[in-house]
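Rule-based calculations on the coordinates, nothing more; no lab input. For clarity, every value in this text was computed on a predicted model and none was experimentally measured. Here the Cβ positions follow ideal geometry from the backbone for every residue, glycine too, while neighbour counts run over all protein chains shown.
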Amino acid sequence: MRLGGAYWFATLPSGSLGLLVMSHVLAAVAWPYANGPRHIGHVSGFGVPSDVFARYMRMTGHDVLMVSGTDEHGTPIQVQADAEGVTPRELADRYNRVIVADLHGLGLSYDLFTRTTTRNHYAVVQELFEGMYRNGYIVPKTTMGAISPSTGRTLPDRYIEGTCPICGYESARGDQCDSCGNQLDPIDLRNPKSKINGETPEFIETEHFFLDLPALAGVLRQWLDTREGWRPNVLRFSKNLLDDLQPRAITRDLEWGVPIPLEGWRDRGDKRIYVWFDAVIGYLSASIEWARRSGDPEAWRRWWSADGQGKDAPGYYFMGKDNIVFHSVIWPALLAGYSGEGSRDGQPGELGRMNLPTEVVSSEFLTMEGRKFSSSRRVVIYVRDFLERYDADALRYFIAVAGPESNDTDFTWAEFLRRNNDELVAGWGNLVNRSISMAAKNFGAIPPVDPAGLTEADEALLAVARAGFGAVGELIGRHRQKQAIGEAMKVVAEANRYLSEQAPWKLKSEADRPRMGTILHVALQVVSDANTLLTPFLPHSAQKIHELLGGTGVHAPMPVVEEVEDLDGGPAYPVLTGDYSVGARWESVPLEVGRPLDPPKPVFRKLDPSIVDEELARLAG
Ligand SMILES: [Zn+2]
């Protein structure tokens, strides 16, 4: 793993060469819940967009820290583990491994993808809890808790079922309704029943801890009022959430989770910190784990510290829209409360004062053939099944051009086939293939430009490609990835039109040969530029095309899965990490005349139309 240097020579998107102070950028990616494999709806929201952004920022010379991990606590994992007769840890181990493999297969370039069951994570969660408690933003509150009348013992949330008071779903759990997704308290349920023996639970006074959100409303509003460039619906939704902030319970009657780090509570087996409270802290704990593994345990501060060298480091948070509240209210409230910045003031804890998020980049939902994804109803395609049959870049392309960036969008197999065959294969793949194969066949190398020089058409095409760096880059920087890949594909379309118009295949005589070489040189240069423009979106094929153009070395760095020891003595686990300091820069690199070229193998696979019916039959089960 790598640490960033202080200065970096980089070509600015405008094309001017300048000395940039290398800035630190945090890419904080939503934590997938470890209760099953991920489907393509999940990765279209948090996974691919964050990777496109991180790759682009690295290519422009920024020192990006991209972190996430599996979210492994909470009732749903405990319930599923109970049903399977395994421990929650065993269940989390299984799906942590599956999810790491899914994200690896997609080429998502995490600096560290870890998990919430590490000892490091427990320690960081407890440090934030204690700091907020000292500052008065976490308060104990007497509330009504369920007990079993026949045994007198506390009845954990997961063993209480009843009708959801919000949507009327009849099998809502004590802490959450799986139908409408709202968080509940057991006492909210209508007709609560014990799932153990069917008796009606009794509610008695019990103590839990609450996050005092009203005391943090002022600092949250101040922060949201200064946000710029957010997707308008995300900012509007976030501001509306502030209108009715109530204290929120952050502990539960549950055995699986992070213990409450206070005297008299630490050793209690029946009370744990609520899963959503611990999971959002993962961004920070994963950054600290990354730093500890890098050999410089303090390095995380460059992305987080609001006082030190991290104070200008922006942080971008990527997620689906169902997670906005945790990132635009809960997480900034925790950071501000720990830093001592709410209406009760206070002192920062030992980790210091923290940066609040720069932007919450939330996407909408992907549906599948017009329906909501649902594992139980089998309206689903899992990432691993997809990657067994299709290439990662084919999915990445679909997500980039047709994903749920700012509207709900629908994945259909017919549309996937069309995008793959008509755009990726017939557009980009065809340009790569015909320009390289013509040059390989006629010259065996990158041909030189005729001393007679370039024509107006040659110059115009080269200019279109060079202008792409500014246009595409600016759009990725503003999280407008759909438009960004559209601009890159316009360069591809222009190059295909240029080849058709120039028709180098007709220039067969010896006298025409220098002109043929010039046309192919220009075409290959634009293939190289377009390949760089598409690298954040299509890293796997970008590496292959780089090599087809005679390039060597790493063009698009890829993540690796590493088995690591827990830093504090817990069990070993797999992480995703990588060395992303190598690879292409966001600039046009002049092709080297005379570099040998071989006849290319196709980079993209044309799919047979029969896959549509096959996949629909699988969906129908
Ligand atoms: Zn409900």
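Can you give the net charge of the other residues whose Cβ lies under 15 Å from the Cβ of Glu263, counting K and R as +1 and D and E as -1?
Numbers: positive: Arg134, Arg266, Arg268, Lys271; negative: Glu130, Glu207, Asp267.
Here the count lands on +1.
What does DSSP give for the chain in terms of the percent of beta bridges that are antiparallel, rounded to the nearest 5? Let's see the in-between values first.
Working: 38 of 60 bridges.
Given both bridge residues lie in the chain, the antiparallel proportion sits at roughly 65 percent.
Leu254's amide H: which non-local residues (gap 5+, or another chain) put their own amide H closer than 5 Å, with H modeled 1.01 Å from N in plane and none for Pro or chain starts?
Lys271, Arg272
Full-extension gain between Thr552 and Asp244, please, as 0.36 nm times their residue separation minus the C-alpha to C-alpha distance.
105.1 nm
May I ask you to list the residues of segment 197-226 whose amide nitrogen lies under 20 Å from a point 7 Å from Cα along the Cα→beta-carbon direction of Leu262?
It comes to 204-217, nothing else.
How many nm is it between the label spots at Arg478 and Arg190, if each spot is 7 Å from the Cα in line with the beta carbon?
4.8
Using only the Cα atoms of segment 58-170, what do you get for the radius of gyration and for Dmax, in Å?
According to the Cα coordinates of segment 58-170, Rg and Dmax are 19.6, 65 Å.
Rounded, prolate or oblate: which fits segment 436-562, taking a ≥ b ≥ c as square roots of the Cα gyration tensor eigenvalues, rounded meaning a/c under 1.5, else prolate when a/b beats b/c?
oblate
Once you list every other residue whose beta carbon is under 11 Å from the beta carbon of Ser362, what net charge do they have if Lys and Arg are +1 and Asp and Glu are -1? If you can, show how the numbers build up before the last one.
Values: positive: Arg231, Lys321; negative: Asp322, Glu359, Glu364, Glu405.
So the environment of Ser362 carries a net charge of -2.
Once you've got the Cα coordinates, tell me which of Lys508/Lys544; Lys506/Lys606; Lys482/Lys544; Lys193/Lys321; Lys321/Lys372; Lys544/Lys606 are over 21 Å apart. Numbers along the way, then the final one.
Details: Lys508/Lys544 29 Å; Lys506/Lys606 27 Å; Lys482/Lys544 23 Å; Lys193/Lys321 32 Å; Lys321/Lys372 14 Å; Lys544/Lys606 17 Å.
Checking Cα-Cα distances, Lys508/Lys544; Lys506/Lys606; Lys482/Lys544; Lys193/Lys321 exceed 21 Å.
Aspartates and glutamates within cross-link reach of Lys490: Cα-Cα under 13 Å, excluding same-chain residues under 8 positions apart?
Counting by Cα, and skipping residues close in sequence, Lys490 has these aspartates and glutamates nearby: Glu423, Asp529.
Within 10 Å of each residue's Cβ, count the other Cβ atoms and sort Val561, Val492, Val526 from fewest upward. Before the final figure, lay out the partial values.
On the way: Val561 15, Val492 25, Val526 28.
By the 10 Å Cβ count, ascending: Val561, Val492, Val526.
When each pair of different Cα atoms in the chain is counted once in the 1/r mean, what is the Kirkwood radius in angstroms, to one decimal?
Values: mean 1/r = 0.0380 Å⁻¹.
Hydrodynamic radius (Kirkwood, Cα pairs) of the chain is 26.3 Å.
Shape of segment 229-344 from its Cα gyration tensor (a ≥ b ≥ c, root eigenvalues): rounded if a/c is under 1.5, otherwise prolate when a/b > b/c, or oblate? Could you put the intermediate results ahead of the total?
Details: a/c = 1.77, a/b = 1.08, b/c = 1.64.
Oblate shape, in that a/c is at least 1.5 and b/c is the bigger or equal ratio.
What does the net charge come to around Ser343 if you take all other residues with beta carbon closer than 12 Å to its beta carbon, with K and R at +1 and D and E at -1?
Values: positive: Arg221, Arg344; negative: Asp212, Glu341, Asp345.
So the environment of Ser343 carries a net charge of -1.
What does the C-alpha gyration tensor say about the overall shape of segment 128-278? Classify as rounded when a/c is under 1.5, otherwise prolate if a/b is larger than b/c, or oblate. Could the numbers behind the result be given before it?
On the way: a/c = 2.64, a/b = 1.44, b/c = 1.83.
Verdict is oblate for segment 128-278.
Exposure proxy check: Ile166, Ile288, Ile519 ranked by fewest other beta carbons within 10 Å? Before the final figure, lay out the partial values.
Values: Ile166 14, Ile288 25, Ile519 28.
Placing the least packed residue first, the sequence is Ile166, Ile288, Ile519.
Whole-Hz Karplus ³J(HN,Hα) for segment 404-411, in order, using 6.51 cos²θ - 1.76 cosθ + 1.60 and θ = phi - 60°, x for Gly and Pro?
x, 4, 9, 9, 4, 10, 10, 8
Counting other C-beta atoms within 10 Å, which of Asp188, Asp458 has the fewest, and how do the rest follow? Write out the running numbers ahead of the final one.
Working: Asp188 18, Asp458 21.
Neighbour counts put them in this order, fewest first: Asp188, Asp458.
Estimate the FRET efficiency between Cys180 and Leu567 by the formula 1/(1 + (r/R0)^6), using the beta-carbon distance for r and 35 Å for R0, to the nearest 0.05. Let's see the in-between values first.
Working: r = 39 Å, r/R0 = 1.12.
Efficiency for this residue pair is about 0.35.
For segment 196-254, which GluC sites (Glu not before Pro) are both in a DSSP coil and crowded by at most 12 other Cβ atoms within 10 Å?
Numbers: sites: Glu199, Glu202, Glu205, Glu207, Glu228; in loops: Glu199, Glu228.
Listed in order of number, the matching sites are Glu228.
Please list, ordered by chain and number, the residues whose modelled amide H lies under 5 Å from the amide H of His479; skip anything fewer than 5 residues away on the same chain.
For His479, no residues qualify.
Could you tell me the relative contact order of the chain? Use alpha-carbon pairs under 8 Å, at least six residues apart, and round to a whole percent.
Numbers: 1167 pairs, mean separation 112.1, N = 621.
So the answer I get is 18 percent.
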